[in-house]
């Protein structure tokens with residue numbers, strides 16, 4: 001039997017995890033798409049990003065991001081402000097109205113996360129988090145790839 005390469009397992013687990021998260025967001029009846037929910041989570045974790053940097057971080061096309069942001073702005077949960085260092089660019093931020101929706105998103109994410117981590121002991125979860133953070137830091141090191 002062939003040993004499955006670590007990279008394959010990591011990428012496949014991430015694919016399955018994302019699909020489960022998307023289902024959790026849909027099942028929660030949030031009134032927004034899974035992509036829009038992920039956008040709000042990215043903004044919570046990474047405040048002050050430019051619109052283009054947010055699209056890059058989420059690995060989506062800029063036009064897709066514009067659609068998400070247009071809908072989220074219409075709901076009043078995000079605002080786009082001019083970047084003081086480049087007036088052509090927009091900084092995206094959460095508004096106070098995003099808080100209740102984010103609570104629902106985080107609750108749905110917690111349900112999916114617990115399902116994914118079923119049977120993984122607390123110490124193993126800590127070790128997994130540490131290993132993934134180290135992998136991420138290694139891949140974000142100067143000259144190695146994307147920024148964190």
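Coordinate-derived values only; no laboratory data. Please read all numbers here as calculations on a predicted model, not as lab measurements. In this analysis, Cβ positions are derived from the backbone assuming ideal geometry, glycine residues included, and neighbour counts consider all displayed protein chains.
Descriptive notes on the structure:
- The chain: angle of helix 98-116 to the longest principal axis, Cα-based, in degrees nearest 10: 10 degrees
- Mean-position separation - Cα centroids, the range 36-72 and the range 92-135, in angstrom: 18 Å
- Structural descriptor for the chain: relative contact order 21 percent, calculated from alpha carbon pairs under 8 angstrom and at least 6 residues apart.
- Every pair of different Cα atoms in the range 1-139 enters the Kirkwood calculation, which places the hydrodynamic radius at 16.7 Å.
- Least to most buried among 44, 90 (fewest other Cβ within 10 Å first): 44, 90
- On Cα atoms only, tilt of 122-140 relative to the major axis of the chain in degrees: 60 degrees
- Relative to the dominant Cα principal axis of the chain, helix 6-27 is inclined by about 50°.
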